[in-house]
Structure formats: C-alpha cells, structure tokens
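Okay, structure first, notes after.
The values are calculated or read from the model by the stated rules, or taken from the named source; none is laboratory data. Owing to the predicted nature of the structure, the values given are computational and were not obtained by experimental measurement. Neighbour counts run over all protein chains shown; Cβ positions are idealised from the backbone, glycine included.
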C-alpha cells in the first residue's frame, strides 16, 4: 500500500469502523443486555397474562380446563403460576396431572408441588401408554391419588401405599421447564408469606387492571425472581388474581458468561476486523488504482494499455468511458500526427518549390537573356550594315534563338496545364514497340553524332498492346530518349526493353551508359525546374521541365515509374496497362 493511497485510507477507516461497532456492541451487551432481557420477558409475560385472563373467563366453570390452562402457561413461559383468592392465598389447583383408566374407573393422579421432583416422572409419557402408580387416595371414591412412585414397570410395593395400573387417557406434565420446576412452584408459598403484609396496598392498583411487579430472592439458593400479579376475575363476594413467578437467574448467568466470552473473543475479532478490512480495502481500491494508472498513462499520451474492469457499477462505467476516451484520443493523435506529417511535407514541398521557382527564374532569365542578347547583337549588326555578306547566317541564328525561346515558353505553358489538371487523356490501344521505334527514328542524327547504338528488346512473336494516349506517350518517350542521349557517353549503346512483368502490366525500361545521378538527387529528378548541370551550360540542353512534364503524363496513365543508377549508367522505367483490343495507329 502507498503511504497516502486510497487502499490504506480505506483499510484504516474500515478497521476503525468495524472495531468501533464491535466495541459499542460489547458495551451495549454488558450494560443493557440484562435490562433488555428483563423488560422483554416481563412484557411478554404481561401480554400472555392478559390472554390467560380472557381464556380463564371462558374456562373457570371447569376445574380440568383451568388446570390445563395453568399447565400450558407454565410450560410455555417456564414460570410458576397460581390462582390466588381475595386473601391472596393459593387455590387448590393442580396444573400437572395424569388421568388413568383402570378397569371401569378413571383415576386422576395429581402431581404435587411438594414431595416429588421432575426426575421421578418418566419421560415422554404418551396417551395410551400403561403406567404403574403407587400412592395414596385423597377421596372416598378412590378417584384422586397423590402419587409417590410413577413408573412404567412393576416394582416392589411399599407398605402403606396403593398401586394403580392403568392406561393414560389425559395428561399435563412439566415440559421445557428449568431444572427442578416443582421446587420452584413450591416457592410460591414463601413469596406469599414474605409479601402478604403488603398485599393490601396493592389492591387498588390491581382492581384498576394494572399489573403489580415485585422482586424476590430465594434465601436458600440466592436465585432472583420476578413476581407479576394481576386481577383475574372480579365477583360480588371475592376476587381472584393471577400469580406468575419467573426466575431471572438465566440472564445473570448469560451476562457473566458473555463477559468471559468477550475476553477470549476480542483478540480474534480484532484480528478478523483487520484481515477483513485489508481484503475489503484492496477489493474496493483495486478499480481505483487501475483507473489511476490508466489516467497517468493517458496524461503521458500512452494509449496502448486499457484498464480491464468489467463490473456493472460506476467503476465499470468509468472504465468503459476511459477506454472510449483513450481510443478517441489515440485516433485523434494519429490523425493529428498524420496531419502534422502532411503539413511538414507540404511545408517542405513549398520550400522546395520555392527554391526551384527561384532556380527557374534564374534559369529562364539566363536562357532568355542569352538568346535575346544574341538576337539583339545580330539585329544591330544587320541594322548597321556590318558584314552584309553574312546577313543570311545572322538571320538563321536569330530564327534559331527565337525557336529556342519559344520552346522554353511552350514547355512552361505545358507544365502549367498539367499542374492545373487541365489535361485530359484520350486513351486507345497502341502497339508499344512500334510507337517507340517510330519515336527513336527521329533521333537518328543525334545518335550518329555521338556514335550511339540503339537496341530495342521486345518480343517479336507477340506484339504487346497498351492502352494509352498516343500523343502524350510519344512525349514521354521523346523526353526519356532525349535525356538518355544527352547524358550517354560517346560510342556507347542505349537499350530499350519491353516486357510483361505482371498480368495486365507492360513495363518499359530505357537505359544508357553514362555518369550516374547523385544519390541525393535521385528523388529530385521528377521535380520541375530540376537540372543535373548546375552550371546551366546551354550545350547540355534542356531547361529542367521535360521530366516534370513526363511525371504528370505517367500519373494520368496510372503508371508506376522510377529511375535508378545501374552498374554502367542510368535506367528510367514506367508501366502501362495492357490492352486486349486491336491497335488504332
């Protein structure tokens, strides 16, 4: 984790919050749990006592139903419950009992609150089961028995007791009660004895329907109890009250055990809080860290790596937005770089054009100044009558220089048309070898003057046809041939090769033997105003416009053209589309 990173901050904040919540929870349990338990239990008992009061009004005519109500109430709430008379004395109710069918008799076994413990009652007695009960009959008809021994098998009958064997037809026994509930039920007399002197002062509250709450502690065991008393029924002669006593020992024991438990649990909870906070902080901060790194890369104009967050939440949405932003920026940067490169090329092209324009002006100025000077000199000589016998020769030179100036101006006009895209081709099917041979014948005198040989290498068995503008193609070949002858060494050869280099493509190569073009000028030969001879010697010929015009013509034909230095000289090449039709020469 970084010292001030978001992961560390999340870890610290989360750990503190978890530990704070845990501490508050432990303090609340220690300080308020016992009170909350007591209030909750008393509140539940008061509601149940109200329900019992309504049920009692309907069942008070039947002693058996009242006993069942008491037994069910005591089992459900683990309380000792009795019905008191107007003098706050216990009535003769027996909430726990067994009813046996022994022969033709139905005998009621009353489970006494004294003299018997729960352990002495067989577990899971069911209706229809046969029981053996030894005890003492409490009435003259021998139908109500006080049990001493309750068993499911026969044992030796003790002296002075009566044995009854029968089938269980009805029962209400202690269930879900705390340890030795019968002992707790027997403590009711002790409570009434301790509080009997104060009962009179509570009668007004009881008659108003309020529940009186008392606290009492067993002197022998020290167990605390809470006693609730409320009015059960109101009669002309006497009233009856519902007495409920519940033990508060479980909550005290629970709080004590809880405090001991916390001592052992606290270190584990602290460690768990730290580990969970660490995991949580890393999970939450991981997308933020990835996004931060991605933003840092974007700030450095690095668009290669994108954050991979596929979640459906705000982090995922932000990640997708940053990916889109990165792609858009990358595309914009590429477009800007490309535009910048194009701009640089344009600037360089304009700079070169400007330089060539300056050279053109100087070149044309020189080319025009020289013939104009010659023309002026011969014209002044003729005007002054100097060497009248040479007038014809002077006039011929004047015409020759005028033609040279006219050719220069025409080349300039031709080039300007190409640059203005004002030239349209008129392509047709041509026999390329025948066209080259016809153009070459016009250079017979120049070839003889430099003792040059012309070699035309073409397939004699198959006439290669191309689709091109005849007049413009002648202009291309004239420029290439003129350039090749001008720079060829004396008594050498000029080679012209024609061949099919690809399906539908015819390539022509014109090569001479002579000095190579400087490597730094290879890419400049096609530019207008370019001349290999910087000295502008008029005998070297040309104004530097021929190859520029040739380039425009070849580009209009969709040709692939080029120039390269060979072992002996220079080779110019260009391609034309092959034609499948007949010639139109």
- All-but-one check, residue 88 against (1) in contact (Cβ under 8 Å) with a residue 24 or more places away in the chain; (2) farther than 20 Å from residue 184 by Cα; (3) not in a strand (DSSP E or B), failing number (2)
- Message: For the list (1) more than 18 Å from residue 508 (Cβ to Cβ); (2) at pLDDT 80 or above, I need the number of the one condition that residue 425 fails.
- Response: (1)
- Message: Quick check on my filter: what residues within the stretch 501-551 are modelled with pLDDT of 90 or more and in a strand (DSSP E or B)?
- Response: 505, 506, 507, 508, 509, 510, 511, 512, 513
- Query: In the stretch 19-41, how many residues are within 27 Å of residue 279 (Cα to Cα) and modelled with pLDDT of 75 or more?
  - Reply: 5
- Query: If you scan the stretch 439-470, which residues turn out to be assigned to a helix (DSSP H, G or I) and without any contact (Cβ under 8 Å) to a residue 12 or more places away in the chain?
  - Reply: 441, 444, 445, 448, 449
- If we scan the stretch 399-411, do we find a residue that is surrounded by 17 or more Cβ atoms within 10 Å (Cβ to Cβ) and assigned to a strand (DSSP E or B)? no
- Can you run down the residue pairs with Cβ atoms below 6 Å, 6 or more apart or on separate chains, where the first is in the stretch 355-376 and more than 18 Å from residue 413 (Cα to Cα) and outside the structural domain of residue 545 (by TED's automatic domain parsing) and the partner is in a helix (DSSP H, G or I) and modelled with pLDDT under 70? none
